[in-house]
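Input: a single structure, listed below in structure tokens.
None of the figures in this text is laboratory data; all of them are computed from the coordinates on show. Because the structure is predicted, anything quoted here is derived from the model rather than measured. Don't worry about glycine lacking a Cβ; one is built from the backbone with ideal geometry, like all the others, and counts go over all protein chains shown.
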Amino acid sequence: MKIRTDSRPGNEAPRAQRAANRRTTGRQDGNRSNEVGDRKVTNVSTHWGTQIRGTLRVTKNSRTQADPPVLGRVEASHSDRGAVLILALVYIIAISLVVGALARWATDDLNNTNNFSATSELHTAVTSAMDTAINSIRYTPWPSGTGSSGETVLPTPRVPTGWGWCFQPSSGTVSSVTLNTFTVDIYCNTVANFNAHITRVVTLAACLSTTTAQSCEANPLLSATVEYDDYPVGGARAAGTQCNVVNTPCGYGQILESWIWL
């Protein structure tokens, strides 16, 4: 058998070129093979605004493709900063309402304290003035029995005297007492029965000095009714007149019938 060889000039060069081409192709394939493999990627944005996590696979033709997203690993890209802001505003408003309510409560308490203090001082002044008038008219009945010209002035038995003095005023024309910066006027109305053991029944009215006599008599801050017995415990002959006119003691007994605040 004959083996034919091509000994034509120039055939050696193409053969060498083809061998060189095969070596070059092998190196390129080796380089490509180094790129082949799986690569993990995260936060790949899509056109609908979400992010996915998956794996990229590199093939020999240098094209990449993403594995399907893993179920349950899709994360929304929407921020929650707006929700936190709303919660902060709600918290601030709630705290402001609570602080405002507490401040109003404290202010009301302070105002009430001042009001209670003023009311207590007024109550003390009016009570003191009433006690002064009750004790004064007990021992020194009014009318006193002596007029400005020395004449005898006595109440008509069983007839009200009308509103007048409870005791001799220190100044002015009204019986009054000043206490705790309050000036209180006192008016008395007496019904006398000189021959009875309940000799006098006196009605007293107390008001602030800024109140007129007519208003005070109609609507006093404090009113009281007191019964006086001008006869001693062992009894005595009927005087037939007011005790201080015949120079006998007055006010042996006293009964408080009523004590009424407006």
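What residues have an amide H closer than 5 Å to that of residue 254, excluding those fewer than 5 places away on the same chain, when H is modeled at 1.01 Å from N in the peptide plane?
Result for residue 254 returns 229.
Taking the Cβ-Cβ separation of residue 246 and residue 179 as r and a Förster radius of 30 Å, what is the calculated FRET efficiency to the nearest 0.05?
Efficiency, from the Cβ-Cβ distance: 0.30.
Can you work out ³J(HN,Hα) from phi for every residue in the range 166-180, in order, using Karplus 6.51 cos²θ - 1.76 cosθ + 1.60 and θ = phi - 60°, giving whole Hz and x for Gly and Pro?
Values per residue, Gly and Pro as x: 9, 7, 5, x, 6, 7, x, 10, 10, 5, 8, 9, 10, 7, 6 Hz.
Determine ³J(HN,Hα), in whole Hz, for all residues of the range 117-129 in sequence, where each value follows from phi through the Karplus function 6.51 cos²θ - 1.76 cosθ + 1.60 and θ = phi - 60°; x replaces Gly and Pro.
Here the 3J(HN,Hα) series is 5, 5, 5, 5, 5, 5, 4, 5, 5, 5, 4, 4, 5 Hz.
Can you list which of the chymotrypsin sites (Phe, Trp or Tyr not before Pro) found in the range 158-211 are DSSP loop residues with at most 11 other C-beta atoms within 10 Å? Present the calculation step by step, with values, prior to reporting the outcome.
On the way: sites: 163, 165, 167, 182, 187, 194; in loops: 163, 165, 167, 194.
In loop regions of the range 158-211 (DSSP not H, G, I, E or B), there are no sparsely surrounded chymotrypsin sites (Phe, Trp or Tyr not before Pro).
In whole Hz, with x marking every Gly and Pro, tabulate ³J(HN,Hα) for the range 248-262 from phi via Karplus 6.51 cos²θ - 1.76 cosθ + 1.60, θ = phi - 60°.
Result, rounded to whole Hz: 10, x, 10, x, 5, x, 8, 10, 7, 7, 8, 8, 10, 8, 5.
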